[in-house]
1. What FRET efficiency, computed as 1/(1 + (r/R0)^6) with R0 = 51 Å and r the Cβ-Cβ distance, is obtained for Ala157 and Arg4, rounded to the nearest 0.05?
2. Working out 0.36 nm times the residue gap between Ile18 and Ala43, then minus their Cα-Cα distance, what length gain in nm do you get to one decimal?
3. So, how do all the Cα-to-Cα distances of segment 77-180 break down into 5 Å bins, in percent, from 0 on up?
4. How large, in Å, is segment 54-123 by the Kirkwood hydrodynamic radius built from its alpha-carbon pairs?
5. Want the number for Leu222 to Asp168: 0.36 nm per residue separation, take away the alpha-carbon distance, what's left?
6. Fewest Cβ neighbours within 10 Å first, please rank His110, His71, His65 accordingly.
Amino acid sequence: MTVRASFVDLPVELCERIILLAARLYALDDRATLANLSRTSRAIHALVQPIQVETVSLKSPSLAHICAAPHLFLSTRCLLAGELPADEDRARLQSVVKSSNAFSNVELFHGPLLVLDAILCVCRPVRVIATSGRLTDSPQMAASFSGLTHLRGVRPAFFLQFFRTNGDESCRLLSQLSHVIIDSRIHFTDTLIALLSRLLELPKLERICLWSPARDSDILYLVFEVLLEFARARHETRLWLHQAIGHPVSTSSDPSSLFDDEHWLFGERFIS
């Protein structure tokens, strides 16, 4: 007669793998079930808790919860931030992350640059999707971008400020940057050309995509002609153009999916 083993008879390592597999299956679509699983026992809670906070939505209403238990967010990898319009809210967030190292493992950030600025004291983001705002000129901010590979949604003024502030150190600080999507609603082609020349000097740069709203088609035509001449003169194949309706970071109902590689590869190349 064959005796069937129950779950508790399995090796601890196998039990952990089964629980983690189940947790990750529920993590995307059924957060309530994931929460129930974490309450099963203290041991299972310790396994599941990091998955619960792997992706976190940060908005004004949730700030109090984060500040009350910052240690829960040490394993957060993806932060989806909303606007924190009050200066005191951003200062409070910065104070909490400095004292607790909350969000210190954030690699993926989607949200306003002012909110990102509040957590850069503890994290080194790899992919950043900016929805609004600008960063401060602090050396801490510049050093925090040393591991950045993908940057999307910033306007030319962001890079102009960065290069002006950091001078000859700029290329070293952005040495890992490979994919850039720029909100290119700018009518000063000389400024844009000067900026592109600096970015194209970055050692690992693979692609710059200029996003422009469809309603600016007349202005875009004039800019396009100048950029096409620039690309041809340099035999530059890393320049791309994308014309669309809406903001360059609002192309998906699921912001976390915007970090996927496919969302960094749209547009048409200026020259092949």
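Every read-out reported here was derived from the displayed coordinates using simple, explicitly stated rules and does not represent laboratory data. No experiment lies behind these values; they were computed from the predicted model shown. Neighbour counts are summed over all protein chains in view; Cβ atoms, including those assigned to glycine, are modelled from backbone coordinates with ideal geometry.
1. Working from the Cβ atoms, E equals 0.15.
2. That works out to 7.6 nm of additional length.
3. Going from the shortest bin to the longest, the percentages are 2, 13, 24, 29, 19, 10, 3.
4. This gives a value of 11.5 Å.
5. Answer, rounded to one decimal: 16.3 nm.
6. Lowest count first: His71, His65, His110.
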